[in-house]
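The structure under discussion appears below in the form of structure tokens.
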Amino acid sequence: MKKKLSHYNPTGQAVMVDVSAKGATLRQARAHAFVRMKPAVVRQIRRLKLPKGDPLEVARVAGIAAAKRTAELIPLCHPLPLTHIDVVAELCHNGVRLTSRVRSTAPTGVEMEALTAVTVGALTVYDMCKALDRGIELQDIYLLEKMGGKSGPYRRR
């Protein structure tokens, strides 16, 4: 079966995919992001000696809030009734690893919501730590897995 881009009509215009004929099923997606920073910044986070507070907790809440607003940020995304959002931010020796898990019972998947959650969480870590290091990098933003829907499961290798 030949794959094609779903957000374009035959004349090449960008369109929102019509999912009205699809049934609502359980959908889940997980995503990942990494915020690379200097060890000195990691040490400061570990000691929680930052002027704006704990960046991991603020990033976690920001990611949850962002997932709920994905359709407002990504023009052709469908607004979805999300049933669960979890964002985990963990401190590593060279930065912060963020993972998200998003669930919905809807006619379309939640990959964009999971990716939005970790991306905004990573941006929040940057915002909260930029005074210590403007060279912080957002890296490795990708989908870990998705379940549900016609295309079947996907798991990153």
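Every number here is computed from the coordinates shown, using simple stated rules; none is lab data. No experiment lies behind these values; they were computed from the predicted model shown. Positions of Cβ are backbone-derived with ideal geometry, glycine not excepted, and every protein chain shown enters the neighbour counts.
Which residues, taken from the range 94-143, are within 13 Å of residue 45 (Cα to Cα) and among the polar types (S, T, N, Q)? Scanning the range 94-143 gives a single hit, 94.
At least 3 residues being crowded, with 22+ Cβ neighbours inside 10 Å is the threshold, and among the strands (runs of 3 or more DSSP E) wholly inside the range 79-148 those reaching it are 95-106. Just to be sure I understand, how many residues within the range 131-157 are among the basic types (Lys, Arg) and either under 24 Å from residue 23 (Cα atoms) or in contact with a Cys (Cβ under 7 Å, 6 or more places away or on another chain) (or both)? The total comes to 3. When you scan the range 15-24, do you find a residue that is in contact with a Lys or Arg (Cβ under 6 Å, 6 or more places away or on another chain), surrounded by 10 or more Cβ atoms within 10 Å (Cβ to Cβ) and either in a helix (DSSP H, G or I) or in contact (Cβ under 8 Å) with a residue 40 or more places away in the chain (or both), even just one? No.
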